[in-house]
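> Mind having a look at this structure? Questions to follow.
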Amino acid sequence: MDLQKEMDRMEKLTSVEQFEQLKNEERTVFMFSADWCPDCRIIEPLLPGIEADYPEYQFIYVDRDEFIDICQQLDIFGIPSFVAFHSGEEAGRFVSKDRKSREEIEAFLNELGN
C-alpha cells in the first residue's frame, strides 16, 4: 500500500499518552489522515519533501480511525488536516475536508512563525 509506505517515513502516533507528550514538545505538527482517504493519497508524495523543508517541526501521522477521540477533542471532522502545537499550545490549524496542495501546506507552516 503506497500510503502506508509513505507514512512509514513520518512517525506514527501510537497512543493518547504519546499525543499529550508530543503536543508539549517545542514544535509538533500532527497530520490527521487515513489509509482510505483519496485526498490524503494525493498529498502523500509531497510529505517527505515538506518534512525535509521544515526540519524545525516534528511531523506526526495520526490515523483518524484509530484516534477518533483526539479528532473529536480537536474538532477535526475532515481529513487530511494539520494541527500544530508549540510547547503545549495550539499554534495553528489547517483543518477542512478539502484536498490540500503543497503550496497550501507550506503557507500554513510559514504562517506558524517561530
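> Calculate the spin-label point distance for Glu89 paired with Ile68, positioning each point 7 Å from the Cα along the beta-carbon direction, and give it in nanometres.
The two pseudo-label positions are separated by 3.4 nm.
> Please build a GNM for the chain, connecting alpha carbons under 10 Å apart, and tell me which residue among Arg27, Arg99, Arg64 fluctuates the most.
It is Arg99.
> Okay, moving on. Along the charge dipole of the chain, Cβ charges K/R +1 and D/E -1, which of Tyr61, Phe108, Pro38 sits furthest on the positive end?
Of the options given, the answer is Pro38.
> Go through the cysteines of the chain and tell me which have no other cysteine Cβ under 4.7 Å away.
So far as the 4.7 Å Cβ criterion goes, Cys71 stand without a partner in the chain.
> Can you give the local net charge around Ile42? Use residues other than it whose beta-carbon is closer than 9 angstrom to its beta-carbon, Lys and Arg +1, Asp and Glu -1.
+1
> Of the listed values (1) 14, 53, 32, 1; (2) 15, 50, 32, 3; (3) 13, 46, 29, 10, 1, identify the label whose number matches P(r) over Cα pairs in 10 Å bins from 0, in percent calculated from this model.
Given (1) 14, 53, 32, 1; (2) 15, 50, 32, 3; (3) 13, 46, 29, 10, 1, the calculated one carries the label (1).
> To continue, here is another question. What is the magnitude of the charge dipole of the chain about its Cα centre, with +1 placed on the Cβ of each Lys and Arg, -1 on the Cβ of each Asp and Glu, and no other charges, expressed in debye to the nearest 20?
240 debye
Every number here is computed from the coordinates shown, using simple stated rules; none is lab data. The structure presented is a predicted model; accordingly, all values stated were derived computationally and were not measured. Quick reminder, even Gly has a Cβ in these numbers, built from the backbone with ideal geometry, and neighbours come from all protein chains shown.
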